[in-house]
Structure formats: structure tokens, C-alpha cells
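Everything on this sheet refers to the single structure shown next.
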Amino acid sequence: MSDTDARLLHRLVEQQADRTPQACAVTHLGADLSYAELDAWANRLADALREAGVGVETKVAVIAERCTETVVALLAVLKAGGVYVPIDPANPPRRFHYLMTDSGASVLVTPESLRGAAPEGEWTTVLSDAEHLADRPADRPESGVRPDNAAYVIYTSGSTGEPKGVTVAHHQIVHTTLAHNDFDRQPPACFLMPISFSFDASAVGLYWTLATGGQVVLPSPEEHRDPRKLRDLIAKHQVTHLDCTPSLYSLIHADDAGPLGSLRCVIVGGEACPKLLVDRHYALLPDCQLVNNYGPTELTVWATTALLDPAADVVPIGTPIPGSGAHLLDSEGNPVADGEIGELFVGGVNVARGYHNRPGLTGERFLPDPWTSGGRMYRTGDRARRLPDGQLEYCGRVDHQVKVRGYRIELAEVEHALTSHPGVTEAVADVRQIGESRNLVAWVAGEVDADDVRAHLAEIVPAHMVPSSLVVLDVLPRNVAGKLDRAQLPEPARPTGNGREMTALETEVAELVGEILGVERAGVLEPFFELGANSLHLARLALALWSRFGVSIPMHQLFEVPHVAGVTRMVEAAKRSAAAEQTGTLEEILAETVLDESIRPAADLPDASWTTPSHVLLTGATGYLGAFLVKELLDRTDATVWCLVRAGSAGAAKDRVRDVMRQYLIWEDRYEDRIVAVVGDLAEPLLGVGEEGFAKLGEMIDSIYHVGALVNFVYPYSALKPANVDSVVDVLRLAVTGRRKAVHYISSIDTFLHTGLNRPYLEDEELVPAEAPEAYSRSKWAGDHLVRIGRERGIPVALYRPGMMISHTETGATQTSDYLLLQIKGLLEFGVVPSMDYLFDAIPIDYAAGAIAHISLQDKSLGRNFHLWNQNPVPLVEVYGWVRSFGYDFEIVPLETAVQHLVTLGPDNPLFPLLPLLFEERSTSVLPAFTREVLAVTDLHAECANTLDALRDIGVECPLMTAELAHKCFSYMVDIGFLPTPEEQRARLRDKAEVAR
């Protein structure tokens, strides 16, 4: 390799690709890319860039997501002779346009999946996906680029109110990359890179690793946000090297060495490293080096370095790297004595070319180096002193540039952005300590709303430059000389009104939040960000929840509902999910769902009278479908209906049945003598009636209608099993006791929904799950499975699987415990409903009960399965239209927005126990079985063929869901006090709007 090639950045990687072509170079989301594949892919993309006009010194913007395509794009730009300008896809459109325009980038490189991250502009877009480049040559291009040509331009915060680009030449980044070889540090075998490619610090891990044959591991955005997932990546890939800010490393460290045992070198930089972190590191990982690197972007990644020693009293930034020199000067430009504080100037080959298109600013900061002939030095603006051992100690800034969470921020740029708001007359920004973190805070003067100003800022600057707290004042405080008096700026006030009383779990969560944010206690609905929280605080909270409750909550969910109530609901949801995951494999579920061999009809067992019964036993009589089935059986037969009811006495049990039927407007006094209440409990052995009572029922009953179940979508399977599974065993046992009885088992469409099976759901096909169902779905599937076994042994069983049941066609009577109705009730308080694109296939309750009763009295129905759902489902948005036409006022909002409202409900709200389900819904939004796409290709008549055939002879069809039927339902719910009248709902919304103003 020539001397010229040796000082070109991409040649270092090419040389390594020639040495170890099959070694893994990059890993992202479990996919590996070898050095040979990386080189060939980059060559093909370079060819496309050359075709787009890229040559020496051409500026090329690269969408800098942490992904394999970005690594390929950076190398491809260098190979084509260009200068890469990495742009974070999270930048607001205005800032994105500014970076493109200021850099002069004429070409943008992005993968197809991130094309939408870039706003429209007058530049050529080149896609970096491998499939778009497959036909291009994989030969290495010759570009004519030389070592003194620029390799990249990276933007940093600017004091004038606009970011400034730092131009770095090939020979400078090659020099600082090779400087790693001059220290006693092992080259990285595997380097985890949590640093964004839009920051120059990413070059430490990327080019050092790719120049020495190691593996670069790129976390996904989700993995990057969650320190626990970063720890998992370290363990999975046996990561040896890590580079990040001290704040992030503190979270990854977590005082738990388990996943970190492979680490050999941890590099921290970007902000001051606390002594406590040094001590914690070596206490946990004594054989892993902890290195503190210092270097502004203007000094090409790093300028000084220190191998930290836990025995030292201070945390130094070390000594200059080879080819670099450090000078501590006073205000007159003279060297200060050792031990005295001076401003740090750094000279040497690593001093960048300067600021792109800013000759004036370049002249101010990049100065002649009087200690090196023809040399240049950079004025860092940092203060430091030289320790007795020659190392440097960082002592703060001489200006108003700050570091917050590793981001370099010019306070003047934040202030400039604040005053661009038309209502802000003046502004000042500063840093305040919140808990263990430094936070950006701003004060503005003017007649403005703080949230409005923050929203304005979010449109023009990156997220890390939006203050976590913003204080609105009439005027900013000034001293007697008329200058701004920072010491008199008030501390951000905590919001008043902490909301309702907390549950026990909320209290525990609030204590954790208080510890992390350094506040006495967070209110149940106080937004964390108004208490000064930032992303690092939320990362610490995620770790604390993991430690305290043993649950893993994704970081993005903490951002969605950042208050105690929201976090508590997520903890509950995570606990439920964890319990569900313990249900076992499909094989284990099948193995434990067995029917005792003794439960089979004896050869001489007489048959009861199934189609003309004298006595029927019905479970679940106090439920919605059960109550209506009682009515249908009383109207269609002469039988006495024995109702199994949980109660303290038979009289109290009878009262419960009567009260429920009255509630649903179906009670008639003539039923009184034909209903017998039996005190029992599905969750108890022998249905809770004892051996004598069980034997009596066995001799008397003709048919059993097993309708009862514990319907709870939050409970784990273990809590549901006694009532929903064990009771089926006892029902089948009762069916072969005394006489052989018919069993009519009411199952549910839920048996299909979490089994991994796709539609169509046919009645006569054996239901064998593709994956283990969980919780309620598993309990209903297990009941079905037991019924099938009993049927194979000769027990006459008919099985019914109804879907959602809502409203009576005449009275509108409905159950108020339905999840959808509870959700609508809760959200009407806030005037919102969630946007969810699925079809609503509910059936009226009188159709369901009438169909089951009719079918059950046909002898040919035994041994068959029957599905009951609507063959004409309607879009949920149409249902919302019915709600609106009834008179309620609301907006349709994203599900996440609806959740943010619902989690503020208190324990006295009937929806409160179901809130954990909302967090599970967000991950799937809509079950695939109910989407338009799936139902459009599903023959719903074929799914209910047995039912339709059984009802054809009496001319009964499932009624359509209509606005009229929906309005009857709403009227019923208003009459019983479940819903407010539309007038009351609209008045409450107006009152809330007035309070908000």
C-alpha cells in the first residue's frame, strides 16, 4: 500500500477486508455482514454515487440511523471521493434543510425504509439498499482523493444560533484512528456502538474496529433506548469494547456484572466522568480497562486520553495522543504554571481543517501554534489544570457552551431559537441539576404558553436542545448595571394539583420516581418532564422497575405515559404478561389438560330426556348470556331450570337470578315457580354442591347448559383454571352420573384468537393451536379440549362458540362489563375514542340465546359445534358514527393518545382493572382476525355453516348491526345510569375545557 493510500480512511478498511474477507464486520438486528460483503456492497454504492456526480470534495448527506446501510454508505462516500455529512433522521425538517443547504450537499444517501425521514428538497437521492445495487460492479473505484481532502463534515451546536459544520480531512481521522496502536489497549474483537453516527465520537468504535478486523455491533433504536437491551447485546455477542457517555455507561453497568463479563475496555467521553462511576466500574469489572477520552469535534474525535485509576483522587482527561500537544494559557495567551487553571488549547495533526464556509469563526478558534513551526492549534473554550503526574484535569467552560447527556450545546443557540417564537421578547438558557443528571432549563419573557414555546422549539432544533423545564416570566431579572442576573432566575416550579389518591402500587412507583428525579414525591398525574426528567432519568426508572418489580418495560412506553399512574399500569401489564409466559409450552398444556378415565358413560347407563327435558341445570344464570338462556328455556320448554349460583343461601341465590333478569328487562312473574336456585361455585370441587347434592342432580337433571365462566382478560391462567377448566371436568362427570345427560357447553371465539391459527375458523375442524394460548383464551381452549375428549367417550355434547354479544333488538339491554363499552364510557369523559381499523361483528343477545336454545333442543345437534357471529360486520368507525349521531361529542385520536387519557382514571372507575390490557393492545393495535384485509377474504357463512343450517328451518337470521340497534343500546345504558346523557357529556367536556384555559 502506498503512503497516500495508507492515509486514506477507506483504504484502512479495504486492507482489512483483504486480510480477513470472511470475518464478521457488522452485526445489526441479528444479521451479520462479512468484510468481503461490506467492501463489495460499498463499492457498488460508490459506483452509483459516482454516476450521480459525486467526486473529490463533493458533499454527500447520509441518513445516519444506527444500521448496516449507514456503515456501507459512509464507506461508499469515501470510496467515491466524496465528503459524508451524517444527518440524524430524528432532526426536524427545518434543521434537516439547514444542514443540507449549509453543507452544500447535492446528494442524499438513504435506505428505502428511511426515505420518509428526509423532507423534500433539490438534491439527488441514492438508495443504499443492497437489492437496488445488485447489478452494479463490485470493483473498488479510483476516485483520485488524497489524504488532505476532506473525509466528512459533522455539525455541532453553534453560538450564533445555527449549527456549524466541522471539516475533517482523511489524514486527520486516519491519524487519530491509528493512534490507538500507541497505547497498551487490546484491539476490539467486538465493539458495541450506541453512539449516533451524526456524532464524531462514533468514529472511535467504527474505524478502530474495522481497521483491525473486529466486529461492530449496531443496536436498533429500541435497543439503544433501553440499557437492559444493551446489556443483553453485550452478553449475546461477547462484546469486548464499548464507547459511550458516562451517564449511559452508569445505566449499562447497573452494578451487575452478569452480562458484562466479556468487556475488556470501556471508553467514556462527551461529559465529565464522576469519580463514583470509576469506583463502581473497577469494583464490578476489575479486569476491564476504563478509559476517559477527551476531544471536541474540532480535534478529530479525541485529543487526550487517560486510563482511569480507582486509587486516584480525581478523574483526569489524561495526556495528549501522539502528534498532539496541549497548552494551558491565561487570558493574555501566556502559559500558566502547573497546578493552575488555564484555558486549554490543543495543537497537532489532529486539528481539523476548520468550520465549513465560516472563515471568520475558523480564524477565531483555529489559531497559529507558536510552539510548532507552521502548526495550528484549536481554542477549546475548556478550562483545565495540569496534575503533578502530567495528566490534565477538566475544570469547566470559559463560555456558555455546556454538555448535557453527552450532547454539546451552545446555550446561545437555544436562546436564539427561543426568541424566534413571536411571543418571546427575550430568553436565557442554563443547566440545572435534577437528581443525578444535568438538565437544560430555559426562562423566557413574554405573554406565551410554555408548552407552545416547547412545541415551537421541537420543530426547529433537535430533541436534546429542547429544555426539559421552561419558565415564563414577565421580565428576566437584571442587576443594577442592567445585565442579566442568572443568580436571580427562579428554580422551575413543580406543578400543583397532584391528582387523585394513589393505590399501594402507585405509591411504590412514586417513591422510585422521587428518588430518581431528586424530588420529595411525584404526584400520581404529574408529568415527569415537568419535574425535570430527561431520557436518562427514564432509563434509570426502567432499570429501577426491573430491579424492584422484576418487569421489563420498553423505554418508548415510558415516554408515552410519563407519570406515576401510567407507569403503574405498565407494571401491572408487564406482570400479567410475565405470568402468561409461564403457562408453558403447547406440549405441556396438552399434557396437563386431561380427563379422568373414570369419566365415561357406563354401558348400562340410561339416557335422560334431552330434547324434551323436565329438569335442566344451567350455570352462569347471573351472567348476560346465561340470564337470557334461562328465559329462552322457560319459554321453549316445560322444564324446571336449576340455576347454579354463588350465594350464602338458596333464597339469596334466587334473588340474584331475579335481579339480573329484571336488570335486563326479561323477568316475568310466571317464571318464579320454574326457577330453582342451587347454591354452588364453579371454582369448587363437584361444582361446590357437595357429594350428596351432586348425586341428587345426577339422578334428576336431563340436560346441562354450562354457560358460566370467569371472564377476565387480566387474570393469569392459574386464577382462571378452577372456574373455567376444572368445572368442565365436573360438568362432564355429572353428565355420566345417574343418567347420561346432554351437555351444552358455551365456549367462545376467544379459543381461536391467541393460538396462532388463521381464519377461516371452521366449526367441524379440530382446534389444534399453532402456539400455546394464554390466560383466558387458554382456559376456554382447555374447556373445548376436555369436551372433545368427553364426546369421543360417548358423552352427548354440543359446543357453542359465540362472539361479541351486545344489545337486545327490542330493549337495547346490554351488559355493562363489556370491555369495548367500558372503554367508550371511560373515553367519553375526555371526548376522544381510539382510531382502530377493525370490523365489529357483534350479535344481539336475543339472537344468541334464541339460537342456542333452539339448536340445543334438536337431537341431531349433539356431537356438533356451532359458531355464532355476525356475517355482516361493520367498521368500528361506523360504530363511532352511531355514538356521535346519538349525541355524544368526541374526536377520533391515535390509540396512544387515548391510552394517555385512560391511564389517568382512578380505582373507582369500572375500567380501571382492565387498563393493563391497553398496553398490550398497543403492541398489536388490532387482532389480525378482525382486520378488513382478513375478513375480506374470509367466508363468514362457511365459518357458521352448522348454525345457519340449524336455524334455516325456522327462518331465523342474525340481525344486522344498525344505528337504530346501537341507539337502543345507548338509551338503555343511559337509563340504568351507566352512561351520562349526551347533554351531560357535552357539558362536562365544556367544563374541562374551561378549567384547562
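Okay, here's what the table says:
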read-out	value
Any hit, region 278-297, residues being in contact with a Pro (Cβ under 6 Å, 6 or more places away or on another chain), closer than 30 Å to Val351 by Cα and in contact (Cβ under 8 Å) with a residue 24 or more places away in the chain	yes
Residue that is surrounded by 15 or more Cβ atoms within 10 Å (Cβ to Cβ), of a type in the set (A, V, I, L, M, F, W, C) and closer than 16 Å to Val731 by Cβ, where the choices are Leu644, Leu633	Leu644
Any chance Asp255 is surrounded by fewer than 17 Cβ atoms within 10 Å (Cβ to Cβ), free of Cβ contacts under 8 Å to residues at least 60 places away in the same chain, within 30 Å of the chain's Cα centre (by Cα) and on the phi > 0 side of the Ramachandran plot	yes
Strands (runs of 3 or more DSSP E) fully within region 776-879 counting 1 or more residues that are within 25 Å of Ile892 (Cα to Cα)	832-834
Complete set of residues in region 526-569 that are touching a helix residue (DSSP H, G or I) at 6+ places or on another chain (Cβ under 8 Å), assigned to a loop (DSSP other than H, G, I, E, B) and buried (at least 20 other Cβ atoms within 10 Å of the Cβ)	Glu526, Gly532, Ala533, Ile553, Val561, Pro562, His563
Lone unmet requirement of (1) touching a strand residue (DSSP E or B) at 6+ places or on another chain (Cβ under 7 Å); (2) in a strand (DSSP E or B); (3) over 17 Å from Glu343 (Cα atoms); (4) modelled with pLDDT under 85 for Ala429	(4)
Residue in region 20-42 that is closer than 17 Å to Pro219 by Cβ, in contact with a strand residue (DSSP E or B) (Cβ under 7 Å, 6 or more places away or on another chain), polar (S, T, N, Q) and surrounded by fewer than 24 Cβ atoms within 10 Å (Cβ to Cβ) present	yes
When residues of region 747-788 are limited to those that are of a type in the set (Gly, Ala, Ser) and surrounded by 21 or more Cβ atoms within 10 Å (Cβ to Cβ), the one nearest to Met805 (Cα to Cα)	Ser748
Unmet criterion (only one of (1) modelled with pLDDT of 95 or more; (2) buried (at least 21 other Cβ atoms within 10 Å of the Cβ)) for Pro137	(2)
Criterion: under 22 Å from Val728 (Cβ atoms), of a type in the set (D, E, K, R) and either modelled with pLDDT of 85 or more or assigned to a helix (DSSP H, G or I) (or both) - qualifying residue of Glu597, Glu572	Glu597
Complete set of residues in region 263-276 that are in contact (Cβ under 8 Å) with a residue 60 or more places away in the chain and touching a His at 6+ places or on another chain (Cβ under 8 Å)	Arg264, Cys265, Ile267
Pair list, Cβ under 6 Å, 6 or more apart: region 210-229 residue surrounded by fewer than 19 Cβ atoms within 10 Å (Cβ to Cβ), other residue part of a loop (DSSP other than H, G, I, E, B)	Gly213/Thr20; Gly213/Ala23; Ser220/Leu29
Qualifying positions in region 39-77 - in contact with a His (Cβ under 6 Å, 6 or more places away or on another chain) and either more than 18 Å from Ala130 (Cα to Cα) or not in a helix (DSSP H, G or I) (or both)	Cys67
Residue within region 700-710 that is surrounded by fewer than 18 Cβ atoms within 10 Å (Cβ to Cβ), touching a Gly at 6+ places or on another chain (Cβ under 9 Å) and closer than 24 Å to Ala627 by Cβ present	yes
One residue from Leu905, Leu935 being modelled with pLDDT under 75 and either over 21 Å from Leu821 (Cα atoms) or outside any helix (DSSP H, G or I) (or both)	Leu905
Residue match in region 386-399 (condition: at pLDDT below 95 and over 30 Å from Val291 (Cβ atoms))	no
Sole exception among (1) in contact with a Ser or Thr (Cβ under 8 Å, 6 or more places away or on another chain); (2) in a helix (DSSP H, G or I) for Ser718, by number	(1)
Qualifying residue in region 197-205 (condition: over 30 Å from Ala80 (Cα atoms) and touching a residue at least 60 places away in the same chain (Cβ under 8 Å))	no
Within region 181-280, helices (runs of 4 or more DSSP H) holding 2 or more residues that are farther than 29 Å from Leu545 by Cβ, of a type outside the set (D, E, K, R) and in contact with a helix residue (DSSP H, G or I) (Cβ under 7 Å, 6 or more places away or on another chain)	202-210
Subset of region 355-366 (residues that are farther than 21 Å from Thr304 by Cβ and in contact (Cβ under 8 Å) with a residue 60 or more places away in the chain)	Tyr355, His356, Asn357, Arg358, Leu361
Filter result for the condition that a residue is part of a loop (DSSP other than H, G, I, E, B) and in the same structural domain as Asn724 (by TED's automatic domain parsing), over Asp635, Asp659, Asp681	Asp681
Qualifying residue in region 362-376 (condition: aromatic (Phe, Trp, Tyr), over 24 Å from Arg438 (Cβ atoms), more than 41 Å from the chain's Cα centre (by Cα) and outside any loop (DSSP other than H, G, I, E, B))	yes
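Condition check ((1) free of Cβ contacts under 8 Å to residues at least 40 places away in the same chain; (2) within 22 Å of Trp123 (Cβ to Cβ)) across all residues:
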site	(1), (2)
His10	no, no
Gln16	no, no
Ala23	no, no
Val26	no, no
Leu33	yes, no
Glu51	yes, yes
Ala64	no, yes
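The values are calculated or read from the model by the stated rules, or taken from the named source; none is laboratory data. Keep in mind that what you see is a predicted model, and the values were worked out from it rather than measured. A quick note on method: Cβ atoms are made from the backbone with ideal geometry, for glycine too, and the neighbour counts reach across all protein chains shown.
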